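Undergrad: What follows is a single structure, and I will ask about it in a moment.
The values are calculated or read from the model by the stated rules, or taken from the named source; none is laboratory data. Bear in mind the structure is a predicted one, so any value in this text is a computation, not a measurement. Here the Cβ positions follow ideal geometry from the backbone for every residue, glycine too, while neighbour counts run over all protein chains shown.
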Amino acid sequence: MSFIFYDLETSGLSAQWDVPLQAALIHTDANLNTQAELSFRARLPAHIVPSPGALLVTGVTPAMLEQAPLSVGDMLGLINRAFTEWAPSTIVTYNGLRFDEEVLRHAFFTHLLPPYSTQGPGLKRADLLVMLRAVRLLEPNAVTIPIAASGKPSMKLGDICRANGITLHEDDAHDALADTRATLALFRHLREVAPKTIALMLENAHKSGPAALLAGDEPILLGGMTAMVPVIGIAPSPRNAAAWAVADLSLDPASYLDSPAEEIAALLTTKGQRPIRSVRTNAQPILFGWENGAHTLPADRLDDAVYRQRARQVRDHAGFRKNLLLALANQYADADLSHWPEATLYSGGFISDEQMRLSRRWHEIDWAQRPAFADKLFTDIRMRAFANRQTFLEAAEHLSPAAWAKGRDWLRHRLQTEDDVPWLTLSKALNEIDGLRAQTEPGDGERLRQIAEIECWVMERQQELARASAA
């Protein structure tokens, strides 16, 4: 099994509304010898307003946004091809399951590519930050965790690398290729100093590993940010087979086993220590068999026999299981479906195999053929909307006058609306710039210069739209 390491730099922090602007991927063999290295930069799409704060962090200038060689769609196509060609592989990111993966999924979704490409045939997903937390729990002496200026442990990639003898200069941080190389170097280091923990966590890189542990009859251990907790798997959610409900065995189940479904539902969201938790089997949970993690439990832990007894109580109580499944089935049932198609990846239903087949065909034909193809064959209204928007952004000359006018109105609304919308508009960006300037020390001339450059660029975009509207 080979490995794929990747990192993204994005236009902002919202997975649904931002896009990747830089990507780097490194393919290695099983021994972590580099086989291929790719680095891409993409132009900012016309409908995206980048976060000024994100631009300051990454050091990306407005000129770089406009002069990159690839469109976002082209870059995403190259990333998707790499995942397919390099399988079977384990895909490794740093904090990627929470961020990069979500950005990539939504970007694939809106560009008519397979949203779950990283979970395709032969692929597993691993997060080095999660693995680092597991090492910290099971083998705390194997790795150095630095302390930030706040006095709290820092899990930032750059801080972790420097504390463990891996070169990642501060000036290179937030460059996708530098971060990808650092992730690979840190993974090499952790495999050397904590091979057992890393091997166990790689077994959890595919949902089948955690699912097997959760389906067993014996107590297992679930890792959080700072401690391991004894749990027993109960059942997967009726709404999502990858989300398993587990019972925290450090709490006496007698207090809730006979509760009705409504009270059990409340346990799923209660603050503090939750009797019932959810574990995502497809998100590489820190989950171990008893023999691999029991040594991490505190000195005042209960006797193993007590945990086993509580596990049997939970598993054997048919009424509790029935009410729990009812509570899980009703979870999020009253959630409103967004009328913005970008926000419907999870709530709008899976894209059918037939629609994905047509999406592949849509990418293969000329732009001139795509509008008629989309209108005729995309029965999923989300796919049709995305197809028409991509044509407007990349090849508007092939749209009918009515479709072109619809695209123009969409773009204007996207950039200029004063409504309460979930994405960043030009006016919101200017407000963010005012806040950044207010937070900047008067003597920090370089940062103030960067802020002024970004502000000038945003205002120019506003003026261009105003001139186009008046024409």
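Undergrad: Kindly provide the set of residues from region 57-70 that are in a helix (DSSP H, G or I) and under 17 Å from M459 (Cβ atoms), ordered by number.
TA: P62, A63, L65, E66
Undergrad: Here is a further query. Within region 101-116, does at least one residue satisfy the condition of being of a type outside the set (A, V, I, L, M) and at pLDDT below 95?
TA: no
Undergrad: Given (1) free of Cβ contacts under 8 Å to residues at least 12 places away in the same chain; (2) touching a helix residue (DSSP H, G or I) at 6+ places or on another chain (Cβ under 8 Å); (3) not β-branched (V, I, T), where does D18 come up short, assuming only one miss?
TA: Unmet condition: (1).
Undergrad: Of a type outside the set (D, E, K, R) and within 30 Å of S71 (Cβ to Cβ): which single residue out of A299, A305, A374, A329 fits that description?
TA: Numbers: A299 fails: within 30 Å of S71 (Cβ to Cβ); A305 fails: within 30 Å of S71 (Cβ to Cβ); A329 fails: within 30 Å of S71 (Cβ to Cβ).
Unique residue meeting the criteria: A374.
Undergrad: Sort out which residues of region 251-287 are of a type in the set (S, T, N, Q), over 18 Å from L213 (Cβ atoms) and in contact with a helix residue (DSSP H, G or I) (Cβ under 8 Å, 6 or more places away or on another chain), and write them in order of number.
TA: S259
Undergrad: Please state which one of L32, L8, L38 is without any contact (Cβ under 8 Å) to a residue 60 or more places away in the chain and touching a helix residue (DSSP H, G or I) at 6+ places or on another chain (Cβ under 7 Å).
TA: Every option except L38 fails the conditions.
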